[in-house]
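So the structure is just underneath, and the comments pick up after that.
The values are calculated or read from the model by the stated rules, or taken from the named source; none is laboratory data. Just so we're clear, the structure is a prediction, and the values are computed from it rather than from any experiment. Glycine gets a Cβ as well: all are built from the backbone with ideal geometry, and neighbour counts include every protein chain shown. Calculation scope for accessible area: heavy atoms of the full protein, side chains included, ligands and nucleic acids excluded. Shrake-Rupley method; radii C 1.70, N 1.55, O 1.52, S 1.80 Å.
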Amino acid sequence: MAWLVLVVSGVLEAVWATALGKSEGFSRLAPSVVFGVALVASMGGLAYAMRTLPIGTSYAVWVGIGASLTVGYAMITGSESTSILKVLLILGIVGCVVGLKVLH
């Protein structure tokens with residue numbers, strides 16, 4: 001259960017990071033609200049997962065999922081450039097996250 005919560009929390013990290021960018025310095029209400037809700041839920045899930053999973057592994061998986069999804073979304077929507085090297089590096093992050101799960 002902790003792993004499932006951790007993965008969902010990582011996805012929510014990508015949601016709040018993206019919403020933070022779209023909030024334009026908290027000047028837009030809807031993205032600012034999405035940011036706040038997703039941030040609280042993401043941190044709460046991370047804290048829950050850390051009750052049974054190692055702190056370092058939990059944090060690395062959470063950040064890896066969030067960072068990969070955030071940059072992937074930015075590349076898909078065109079707000080960030082795409083290259084083969086970027087995609088390969090993101091896949092490396094994903095591979096490392098999977099490796100941490102396998103080793104646990």
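Accessible area per residue for the chain, computed on protein heavy atoms with a 1.4 Å probe, is 59 Å². Springs between Cα atoms under 10 Å define the GNM used for the chain, and in it the highest mean-square fluctuation of T82, T57, T70 occurs at T82. Peptides 58-67, 28-37 ordered by packing proxy, namely the average of other Cβ atoms within 10 Å per residue, highest first: 58-67, 28-37.
Placing unit charges on the Cβ atoms of the charged side chains and taking the dipole of the chain about its Cα centre, the candidate lying farthest along the positive direction among I55, T18, G72 is I55.
When you count the other C-beta atoms within 10 angstrom of each residue and take the mean per peptide, 90-99, 2-11, 17-26 line up highest first as 2-11, 17-26, 90-99. Dividing the summed helix terms, -39500 (n - 2.57) for each DSSP H run of n ≥ 4, by the number of residues in the chain produces a 222 nm estimate of -28500 deg cm²/dmol to the nearest 500.
Scaled to the globular estimate 2.2 N^0.38 Å, the Cα spread of the chain, given as radius of gyration, is 1.12.
About its Cα centre, the dipole of the chain is roughly 100 debye, where the only charges are +1 on Lys and Arg Cβ and -1 on Asp and Glu Cβ.
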